[in-house]
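Take a look at the structure set out below.
Every number here is computed from the coordinates shown, using simple stated rules; none is lab data. All values derive from a computational prediction rather than experimental measurement. Ideal geometry is used to build each Cβ from the backbone, glycine not excepted, and the neighbour counts take in all protein chains shown.
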């Protein structure tokens, strides 16, 4: 069973460690601390069997939302953690009356792209060389929250 909750300051070491184990370059500890303390952002933690399994950072300004970082621990992948986090972010976006949520994803991350497409995100284009280590293009994806045809949050 997957449980979601707002991440707290005592999750900071875990957020930092998981990010470092999954991303190059990772978010900094200071970036996580800022997201945890700032208005305009939400950091969700997913727990699987009571263990911290993944996180998602959603930020918003006016009616625009952005998934800034999402990560599932390697041992928890393919168990619905990413989907649960994404559904929660979409629900929060609707609660906040956001018009859309946008994200970038490595072009080679076909599993994440498929997940985002399942929930109605559409590809808008490419950001050449967006990622470092290794250098790679990002696919820009967006979900229009006002579009009832894209309401796949109950899948």
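This ranking places 96, 44 by how few other beta-carbon atoms lie within 10 Å of each, fewest first, which gives 96, 44.
With contacts taken as Cα pairs under 8 Å at a separation of at least 6 residues, the range 58-153 carries a relative contact order of 27 percent. Translational diffusion of the range 43-84, estimated by Stokes-Einstein from the Kirkwood radius over alpha carbon pairs at 20 °C in a medium of 1.002 mPa s, is 196 µm² per second.
Ordering 28, 72 by the number of other Cβ atoms within 10 Å of each residue's own Cβ, fewest first, gives 28, 72. A Stokes-Einstein calculation at 4 °C with viscosity 1.567 mPa s, built on the Kirkwood radius of the range 2-150 over Cα pairs, returns a diffusion coefficient of 83 µm²/s.
Put a dot 7 Å past the Cα of residue 31, heading toward its Cβ, do the same for residue 1, and the two dots end up 3.4 nm apart.
Across the alpha-carbon set of the range 85-152, the Rg to Rh ratio works out to 1.01, Rh being the Kirkwood radius. Based on the reciprocal of the average 1/r between different C-alpha atoms, the Kirkwood radius for the range 45-113 equals 12.7 Å. State the Cα centre-to-centre distance between the range 1-58 and the range 85-136 in whole Å. Distance between centres, Cα-based: 17 Å. Ellipticity at 222 nm from helices only: DSSP H runs of n ≥ 4 in the chain, each -39500 (n - 2.57), divided by the residue count, give -8500 deg cm²/dmol. At a Förster radius of 25 Å, what calculated FRET efficiency corresponds to the Cβ-Cβ distance of residue 51 and residue 144, to the nearest 0.05? Rounded to the nearest 0.05, the efficiency is 0.10.
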